[in-house]
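**Student:** First the structure, which I've put down as structure tokens, then a few questions once you've had a look.
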Amino acid sequence: MTGVIQARENLVETPPRSVGAWLLATVMLLAFLAVRPNILGESFANFGTAVCLLMLVGIPLFDWTHARLSPATVVVITTFVGGGMWATLRAGELGFDAGPYANGLVTGMVILIAFGLYLGRPDRARAFGRVLLYLIAIMSLFSAITLLMAVSVGVVQIATVSIGNLTSSVLFPFTPTLSRISFFGVPIDRALGIGREPGWWGMYAAFGWALWPAVMPKTLLSLAGRTITAVGVLTSGSTAGFGVFIVAVAFTLFFSGRRDSSPLSTYLRWTAGAIALAIAAWVAVYAPQFGLAAKSDINNVSLEGRNLATSEGLHALAQLSLGERSTIYSPNVNLIAGVSEGGWPFFVLGICALLLPLALTRHRAIAMPAMLVVFLTILLAQPLTGSHAVYLLVMLSCAIADGAPPIAQSSSANVVT
């Protein structure tokens with residue numbers, strides 16, 4: 001009970017209502033979208049870096065009383081720098097061009113420190129969290145409309161845009177897409193949302209669903225917004241995104257931020273939670289269209305390539321390899337697979353960057369569901385190397401949790417210190 005009272009005493013006010021504060025949050029959102037691996041990151045990375053450089057100078061200059069980095073942010077930045085330095089050194093030793101690694105290290109430091117200073121104030125963290133989740137919900141709604149049109153009257157292409165070296169079709173009302181899958185016999189364009197490719201969009205939509213209660217008010221409209229983000233997971237057509245999402249749902253319902261009145265009720269809830277997680281894992285494998293087994297039929301080449309890369313990474317991890325040149329075409333498909341070239345130090349630093357900040361967060365139960373989505377996605381489905389936005393999601397989750405979001409006001413069950 002003491003922990004709950006302490007949490008309520010530390011509650012912050014709602015995000016600032018001034019136009020300037022919301023404009024700043026919007027500018028930071030644009031900078032975020034221009035960070036890899038987001039949809040603008042391949043073409044407008046310089047814009048994102050420039051905005052962050054301005055913030056890096058401006059915050060200490062104009063807001064020096066609040067220019068601080070939280071302990072969780074310091075851990076994220078430290079582990080990122082350690083991993084970047086290791087990757088740069090190993091690239092040179094293995095005969096790769098170390099220039100891109102060094103450039104990514106310097107750019108990432110600017111981005112992470114700038115966002116860390118910006119998120120250092122809880123009101124700014126929650127303002128940014130809201131505009132990000134608003135965008136995720138809007139893009140989810142657009143992709144849901146596109147999906148309904150695809151299974152009824154047909155899609156309408158309104159534009160074609162380039163994302164790096166790839167070409168994306170933008171479908172009505174405003175849904176960037178890349179590649180297609182067969183959805184119960186109907187060809188469906190996979191939505192990109194705010195990601196560089198559909199797998200990233202699946203992670204973002206699941207992240208939005210998990211973080212939603214921490215920054216949004218408990219209203220019917222807000223509930224509808226959270227529900228539509230779940231639809232966004234489906235429109236990505238991502239097997240990994242779907243699997244991570246249902247595991248996050250099961251974890252949130254039974255484990256996250258709950259406080260029981262007796263040991264028996266805790267035992268029963270944990271038992272039910274274990275069963276729910278087992279069911280979620282089974283669904284992730286065998287669900288029609290979105291399960292892992294279904295992917296073996298729909299895109300077996302992609303699945304085999306990922307399995308081969310992950311197996312090589314597991315072998316390298318078991319051998320405590322420092323990293324070698326891989327013979328696989330895409331060896332860095334996830335954090336485990338990346339061990340084959342990055343070595344076990346990069347793997348350990350990556351795990352620390354994704355999980356250790358949670359230990360330094362005041363209200364861990366608030367940040368845990370969203371961070372679980374990010375952790376499982378990177379561990380099993382997406383690369384951490386060069387993905388600066390992943391570190392920003394961890395920092396955002398911890399910053400919002402440190403600010404004691406609104407959900408803690410109405411329910412002590414969601415506050416665990």
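The values are calculated or read from the model by the stated rules, or taken from the named source; none is laboratory data. Since the structure is predicted, the reported quantities are computational estimates derived from the model, not experimental observations. Note that each Cβ is placed from the backbone with ideal geometry, even for glycine, and that neighbours are counted across all protein chains shown. Calculation scope for accessible area: heavy atoms of the full protein, side chains included, ligands and nucleic acids excluded. Shrake-Rupley method; radii C 1.70, N 1.55, O 1.52, S 1.80 Å.
**Student:** Go through the stretch 78-98 residue by residue and tally those that are touching a residue at least 40 places away in the same chain (Cβ under 8 Å) and buried (at least 19 other Cβ atoms within 10 Å of the Cβ).
**Tutor:** Adding up the residues that qualify gives 6.
**Student:** Report whether or not residue 219 is without any contact (Cβ under 8 Å) to a residue 40 or more places away in the chain, open to solvent by 40 Å² or more (accessible area, probe 1.4 Å), more than 13 Å from the chain's Cα centre (by Cα) and more than 20 Å from residue 372 (Cα to Cα).
**Tutor:** Yes.
**Student:** A further question on this structure: Got at least one residue in the stretch 40-56 being touching a Leu at 6+ places or on another chain (Cβ under 6 Å) and at pLDDT 90 or above?
**Tutor:** Yes, some residue in the stretch 40-56 is touching a Leu at 6+ places or on another chain (Cβ under 6 Å) and at pLDDT 90 or above.
**Student:** How many residues does the stretch 182-199 contain that are touching a residue at least 60 places away in the same chain (Cβ under 8 Å) and either open to solvent by 30 Å² or more (accessible area, probe 1.4 Å) or not in a strand (DSSP E or B) (or both)?
**Tutor:** Residues flagged as touching a residue at least 60 places away in the same chain (Cβ under 8 Å) and either open to solvent by 30 Å² or more (accessible area, probe 1.4 Å) or not in a strand (DSSP E or B) (or both) within the stretch 182-199 amount to 9.
**Student:** Here's something else I'd like to know. Looking at the stretch 316-332, which of its residues are open to solvent by 50 Å² or more (accessible area, probe 1.4 Å), modelled with pLDDT of 80 or more and either among the charged types (D, E, K, R) or assigned to a loop (DSSP other than H, G, I, E, B) (or both)?
**Tutor:** Answer for the stretch 316-332, where residues must be open to solvent by 50 Å² or more (accessible area, probe 1.4 Å), modelled with pLDDT of 80 or more and either among the charged types (D, E, K, R) or assigned to a loop (DSSP other than H, G, I, E, B) (or both): 319, 320, 322, 324, 325, 332.
**Student:** For residue 105, state whether it is touching a residue at least 12 places away in the same chain (Cβ under 8 Å), touching a Leu at 6+ places or on another chain (Cβ under 8 Å), open to solvent by less than 30 Å² (accessible area, probe 1.4 Å) and aliphatic (A, V, I, L, M).
**Tutor:** no
**Student:** Same structure, new question: Residue by residue through the stretch 116-133, note down the ones that are more than 15 Å from residue 213 (Cβ to Cβ) and assigned to a helix (DSSP H, G or I).
**Tutor:** 116, 117, 118, 122, 123, 124, 125, 127, 128, 131
**Student:** Which residues, counting only those in the stretch 230-251, are over 22 Å from residue 186 (Cα atoms) and touching a Ser or Thr at 6+ places or on another chain (Cβ under 6 Å)?
**Tutor:** 244
**Student:** Among the candidates 291, 313, 243, single out the residue that is farther than 26 Å from residue 93 by Cβ and modelled with pLDDT of 85 or more.
**Tutor:** 243
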